1. Find the percent of Cα-Cα distances in segment B:126-245 that exceed 23 Å, and round it to a whole number.
2. For segment A:69-323, with only Lys/Arg (+1) and Asp/Glu (-1) charged at the beta-carbon, what is the dipole magnitude about the Cα centre, in debye rounded to 20?
3. At a threshold of 8 angstrom on Cα-Cα distance, excluding pairs fewer than six apart, so keeping six or more, what relative contact order does chain B reach in percent?
4. Just counting partner chain Cβ atoms within 10 Å, what average do the residues of peptide A:412-421 show around their Cβ?
5. Rounded to the nearest 0.05, what FRET efficiency do residue A:469 and residue A:295 give with R0 = 56 Å and r taken as the Cβ-Cβ distance? Could you check?
6. Mean shadow of segment A:69-323, computed from the convex hull of its alpha carbons, in nm²?
7. How crowded by other chains is A:335-346, given as the mean number of beta carbons from other chains within 10 Å of each beta carbon?
8. Magnitude of the Cβ-charge dipole of segment B:2-121, K/R +1 and D/E -1, about the Cα centre, nearest 20 debye?
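The values are calculated or read from the model by the stated rules, or taken from the named source; none is laboratory data. Just so it is clear, the model here is predicted, and its values are computed rather than measured. Cβ coordinates were reconstructed from backbone atoms using ideal geometry, including for glycine residues, and neighbour counts include every protein chain displayed. Please note that ligands, DNA and RNA were not included when accessible areas were found on the heavy atoms of the full protein model with its side chains. Shrake-Rupley method; radii C 1.70, N 1.55, O 1.52, S 1.80 Å.
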Amino acid sequence: MSVNLGIPAVRSSGEGNLFAHEKFQSAAKRELKNEQLRANLRHATHTIRDKRLNVVSELPDWEELRESGSRIKENVMARLPELLEQFEAAFTARGGVIHWANDATEANAIVTSLIRATGETEVVKVKSMATQEIGLNEHLESLGINAIETDLAELIVQLGHDRPSHILVPAIHKNRTQIRDIFRAEIPNASPDLTDNPKELAATARAYLREKFLNAKVAISGANFGIAETGTLGVVESEGNGRMCLTLPETLITVMGIEKILPRWEDLGVFMQLLPRSSTGERMNPYSSLWTGKNGPDGPQNIHLVMLDNGRTRALADKNGRSALHCIRCSACMNVCPVYERTGGHAYGSTYPGPIGAILSPLLTGITAEENSSLPYASSLCGACFDACPVKINIPEILVDLRAQDVEAQHSVRKAPTEMDVLMKGASWALSSGTRLKFLEKGLPAGRLLAGKDQRISWLPGIAGGWTSSRDIPAPPQSSFRDQWAQREKFQKSQGSQQSQQSQASQKPTGKQGE
Amino acid sequence: MRIALFSTCIVDAMYPSTARATVEILERLGHTVIFPKGQACCGQMHVNSGYFKDALPVVRNHVAAFLQEDYDAAVAPSGSCVASVKHQHPMLANRCGDDGLAADAEEVGAKTYELSQLLTDVLGVTNAAEQLGSYFPHKVTYHPSCHGMRLLRLGDRQQNLLQTVDGLEFAPLPEADQCCGFGGTFSIKNSDVSTAMLNDKADAIEATGASLCAGGDASCLMHIGGGLSRRGSQARTVHFAEILASTREKPLVIPEAQGGVVVLNGGTR
Ligand code: SF4
C-alpha cells in the first residue's frame, strides 16, 4: 500500500516518546476515572473551542485559507528532498550549521555534543514538540544537563514531574490550586503564602525564569516553520519567554521535523492566519520570532539546526497517510475531539495526543509497533477533527486506512482468528446477499424470546458484552421490513389492485406487525 | 417519481417501522416506492473497522442490487449509510483496484439520498403538516448524527422538517453537535469512552424535558435509546421519519415508559 519515493523509510528507534507503553483502551479506562481531569479538560477545551469558532467566523475566506494551507503542504510533501536541500544551502550561507538526525537517538546525541562543547550544564528551552518527541529533556537529565522549560504550562508540567497532556496547553489537566501546590514545593524562592491567584502564580514563575534567562548561555528551541527560500526559522508563541530564549543566549540549538519546511517567504502569510486562530483562538499570536542566521554581534552567535526524521519519511511513504505530515500542531483537532475530551492526552501514550496523535504516531512508528496499533481505534469517526483542521487533514479517512493496515498486519502474523475476525467474516457472509439476510431474519422472534418480558436485552456474551455493559438492546420485531414488504406485495397481488397502491400504503400486511 | 428504498440492515432487522414510515411518506406524496430485493447492507461497519476484504462482497452486493433496478432516486432513512454508499463504496473499490466497481458505485452513489435530503432538495417538502399531514403532539428534542451532519452536510434539514409538524413542541438539545459515542465497533472496542460520551448525551436529552429524542440514524438511536433504557430514563428515541408519518387519523402511539422501555419501536399505525 505504500509508495516508494526514493527516500529510504527509516524506522524510528525506541528512544523518545513516540511509542505508547500501553494500549489505548486500558489507558483510557484508567484516565476516565479521573473526575478532576475530565472537569478541567472539559472546561479548557470548550473555552478554546468557542474562541476559535468566533475568530474563524470573522474571516470570510477561511475555507480558501484552509485550502491554500493544504495545497502548500501538499506541494511541500511532493518536493521535500529538493526543498530541504534549498533550505540547507540558504541556512548554511547565513552562518547556521545543519545536522541531520535519522531518529531520536541520533538527535539526542547531536544536541548533547553541542551542549557539551559549550561546557554548560544548564540550558533554557522554548516549548517544542520535536524535543518532546525525542525525549530530549529526559536524555539530558540522565547526563547531568538540566534543561529548563520556559513556557509557563510546560514549566508547570516539568516542575510537577508530570507529562504534558495537550500540545498547546500541556498543563490543561491541572487547575490553579494544583499549580500553586507545585510552585510552592518546587520553586526555591516561592512564597509559602502563595495563593492560587493567576497573577501571583505568573509573577512567581516570572521571577524564577528571569534569573534563568539572564544566566543561560545555551538555548534549545523547536520551530514552527523553516522557509526554504531564505533559510529562515520561525517560532510563534504567546508569552515572550520563547523570544528571551531565542535572543539572549550565545548558542541556539533548534530541533525541527523535516516536514516543517515552507517553500517561500510569502507562504507565511497563509499560516500566520491559520495557526493562531486555530490554536489559541486569537487573531494573531503575541510573539512571532523569525531568525535567518547570525544577526551581527546581537543575539546568538552559534546557530545550529537538527533536522529530524524519526519516522517522517516512513509516514511520507504511506500514500494515504502522508497528509498527516501537513499538521501544524495547532491542537484544534484535540479541542473538538469527544474522545480526547474524556480521556485526556496521557491515554494516547505518545507525544502526540488526540485525533492527530491517533494517526501520526502509528504513521511515524509503523502500525506494527504494537501499542500504537490501538491508536487508530481511539475514535468514533465523528469527523469533528476534519472540520476543525486548518490544513484539512482528513483524519477520519486516515484512521480507517490505518485500521485496515492493522487488520492486514495482524492477520499475517496471527494463527487463530480473533472473536472480531470471526464476527466480521460471518457478518460479511450474511450481509452480502439479500437472500441470506432474509433467511437469518427468520430468527428475529427468537431474539424476542431472549428479550423476555421487559422487552430488552441487557446482557450479551463475548465482545458484544462491551455493548451491554452500559446499553440495553430493544426486543427485535416479529418480522423484518423485507418480510413485511413481501407480505404487502403478496396481499396487493391477491387483491389484483396493483394500481391502487397508494390507498393501501398503510395496509397492515399481516395481522401482527411485530411491535 | 420511482424511488428505490434502501432499508439498511439495522432498520430492516430491528426497526421495520422506520422503513414503513419512509414508504408511507413517499407514497403520500404520490411517488412509487420499489424495494430492490437483493439489498442487504452498505458495509460501513466492515469498512470502518478496517476489514476491507470482508467489506468488499457487501459493497459489491449493494452496488449490484441497486444497479439492476430502474428508478429515479434511491433513499435511505440513515445518514451514515448514505454517506457510506456515496463516499466509502468508490473509495473501497479504488483501494481494491476494481475500476468497474468504482464506476458503478459512483453511479449508485450519485442517485442515493438521505431521506431529509430527498424530501427537501428533490421533492420540495417545506412544511410537513401541510404537505404530509404530520401531526405529533409531543415534546421532542433532536440529535443530529455525525455522518449526516459532517459527511452529508444535511444542515438543518431534518430539524426543519420536524419543526413544521403540527402539535410538536421542539426542545433544542444542548451541545447537539457532540457525538453520541456510538461509532460502530467503537462502542464495543472502546466501550468505556463510548459510555462516557453516551452519558453526557443522555444527560443533555433529559435536561430538555422532552419525552422523545428524534434522529436520523437508527444505529445512533439504538445506542442512545439503549443507554436511556439502562439508566431507567423516561425519555426514548425515535426516527424522524416516524414522526413525519404520524397523522391525526393514524397517530404514532408512544408506548408507556415501563421503567423506560427502550427504543420506540413503531407504534400501532
Ligand atoms: S491535525 Fe490539523 S487540527 Fe490537529 S493539530 Fe494538526 S493541524 Fe491542528
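1. The share of Cα pairs beyond 23 Å in segment B:126-245 comes to 26 percent.
2. Values: 27 positive and 32 negative charges, 98 e Å.
Taking the Cα centre of segment A:69-323 as origin, the dipole is about 460 debye.
3. On the way: 509 pairs, mean separation 51.1, N = 269.
Reported as a whole number, the value is 19 percent.
4. Going residue by residue through A:412-421 and averaging, the value is 1.
5. Step by step, r from the Cβ atoms, then E = 0.35.
6. Dividing the Cα hull surface by four gives the mean projection, 13.7 nm².
7. On the way: counts 0, 2, 1, 13, 9, 1, 5, 10, 4, 0, 0, 0.
Mean partner shielding for this stretch: 4.
8. Numbers: 9 positive and 14 negative charges, 55 e Å.
Roughly 260 debye for segment B:2-121.
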